[in-house]
Amino acid sequence: MPSAVQEPHVAAVEIGSQLVAELGDGVVTTDPDVLATFSHDQARFCEAGVPAALVRARSTEDVSATLRLAHAAGIPVVPQGARTGLAGGANAVDGCILLNLERMNRILRIDTGEQIAVVQPGVVNADLSRAVGEHGLFYAPDPASWESSTIGGNVATNAGGLCCVKYGVTGDSVRALEVVLADGSVMRTGRTTAKGVAGYDLTSLFVGSEGTLGVITEVVVALRPAPVPPLTAVAIFTDIAATCDAVSDFMATGVRPSLLELMDGPTIKVVSAYRDLGFPEKTGGVLIAQSDDPDRAAADLEVFAEVCRSHGAEEVVVADDPAEGELLIAARRLVGPAHEPLGVCLVDDVCVPRARLADLLRGVEEIGATYEVLVTCAGHAGDGNMHPGVVFDPTDKAAAERAWDAFGAIMQLGLDLGGTITGEHGVGLLKRSWLATELGDVALATQRSIKSTLDPRNILNPTKVLPLR
């Protein structure tokens, strides 16, 4: 059983001075205003405690020293990247040390022969993508926050993105890690070679562990030859079920699109109110497909067009060139900004089998009506990962309660349809209470055992991911 962490007031009195003595006051701050700024991620509706100190680590040695001191004192540590997460995983707990890794932002090596890059966790996703692109290479994972989210955070949550349907999630591109364990010891997992099966797959254990098992300080990622600029097509439907059925049938043709995104009618209304992109008023669903196959991109999109028309699409537009394609995909990129003026948006992250997408979207619509809240739904239809967003006014207590009830109903619906409560955002605080529902008693007990072995004092991101006993 993990032991209890030290009382927050003791941590606040002692740990700041210890850290400054070890690391220097240019690395450590206890300024309350700065701590408040760093105390939460983008899930601001999740609780956030009052931290005792912030460490802005510059090196693996800084991370190791921080964890060594925290482990000895039994003080919680919350690892952070750019804090772009949507599940409260980077939120402070009372009396904790916030361990921020944004300053560890160097690309250490790009190896064009082995097609790998070695990077620190604070490297921004888009910066890595542009850097390897100069060598004719491609880093595939592309979360929507790629211009601001960091590789360490992407790995910690096993982030997804628009291109997952063809290239997989972050973990599919991770070969090796340097990880600092709870007691400050440093371990390397995996290897730089393309193949290797020596021992247990510890790399996969840490990918997606959300800072609860160790702190990632170096990542070896696999690269690919840069693809050709993709071609894009958009299909507009009046019926959301037909939109979803087109997804399933298109993927069944064997075509491997590099992107297949869906937006439902309520999402289109929100986006159109934010910026008029010319969608018909009665639009019930939109599919956006891309293909970057150098030999058959145009043929792939013709298959997409045929399938969509067979399911009653009112209009299908196939772009003639990549620049025109960017205009077609603009609506999908605007989903997040378009919701910001409406209030708080509880973003769900369910993933279901593609054959159940229509059941999910119909169910989401019914849930919105039942709880009298606006629910929009967009996401990565090609891999069944959708993001229903429950929009509400946080100052209206009754509306907030209905929104949380609707959020829970959507997660239960996803599980009932054979899916999962999170496809890419992680569990964090937001979905912690639902993890046991998905895993079951035996799997949950196994995960608790792993946590206890690697973090016996329960200092690493406590209260996150695993449900409280």
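Listing for the model above:
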quantity: Only listed residue being in contact with a Phe, Trp or Tyr (Cβ under 8 Å, 6 or more places away or on another chain), surrounded by fewer than 24 Cβ atoms within 10 Å (Cβ to Cβ) and either under 30 Å from Pro76 (Cβ atoms) or modelled with pLDDT of 95 or more (or both), chosen from Thr189, Thr238, Thr203; calculated: Thr189
quantity: Among residues of segment 219-232, those that are open to solvent by less than 30 Å² (accessible area, probe 1.4 Å), out of contact with any Gly (no Cβ under 8 Å at 6 or more places or on another chain) and in a strand (DSSP E or B), counted; calculated: 2
quantity: Counted residues, segment 336-362 - those being closer than 19 Å to Cys164 by Cα and in contact with a helix residue (DSSP H, G or I) (Cβ under 6 Å, 6 or more places away or on another chain); calculated: 6
quantity: Helices (runs of 4 or more DSSP H) enclosed by segment 54-170 - at least 1 residues per element that are farther than 18 Å from Gln18 by Cα and charged (D, E, K, R); calculated: 125-133, 164-167
quantity: Contacts under 9 angstrom Cβ, first residue in segment 261-278 being farther than 28 Å from Lys166 by Cβ, partner surrounded by fewer than 24 Cβ atoms within 10 Å (Cβ to Cβ) and of a type in the set (Val, Ile, Thr), 6 or more apart; calculated: Lys269/Thr283; Ser272/Thr283
quantity: Selection within segment 108-126 - surrounded by 17 or more Cβ atoms within 10 Å (Cβ to Cβ) and either over 17 Å from Val215 (Cβ atoms) or of a type outside the set (S, T, N, Q) (or both); calculated: Ile110, Gln115, Ile116, Ala117, Val118, Val119, Pro121, Gly122, Val123, Val124, Asn125
quantity: Within segment 142-153, considering residues that are under 11 Å from the mean Cα position of the chain (by Cα) and free of Cβ contacts under 8 Å to residues at least 60 places away in the same chain, the one nearest to Thr60 (Cα to Cα); calculated: Trp146
quantity: Where Gly312 falls short, out of the listed (1) surrounded by fewer than 18 Cβ atoms within 10 Å (Cβ to Cβ); (2) in a helix (DSSP H, G or I); calculated: (2)
quantity: Selected residue (only one of Leu417, Leu460, Leu413 is of a type outside the set (S, T, N, Q), in contact with a Leu (Cβ under 7 Å, 6 or more places away or on another chain) and open to solvent by less than 10 Å² (accessible area, probe 1.4 Å)); calculated: Leu460
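The values are calculated or read from the model by the stated rules, or taken from the named source; none is laboratory data. It should be emphasised that the depicted structure is a prediction, and the values quoted were computed from it without experimental measurement. Cβ: placed from backbone, ideal geometry, glycine included. Neighbour counts: every protein chain shown. These area figures cover heavy atoms from the full protein model, side chains too; ligands, DNA and RNA do not enter into them. Shrake-Rupley method; radii C 1.70, N 1.55, O 1.52, S 1.80 Å.
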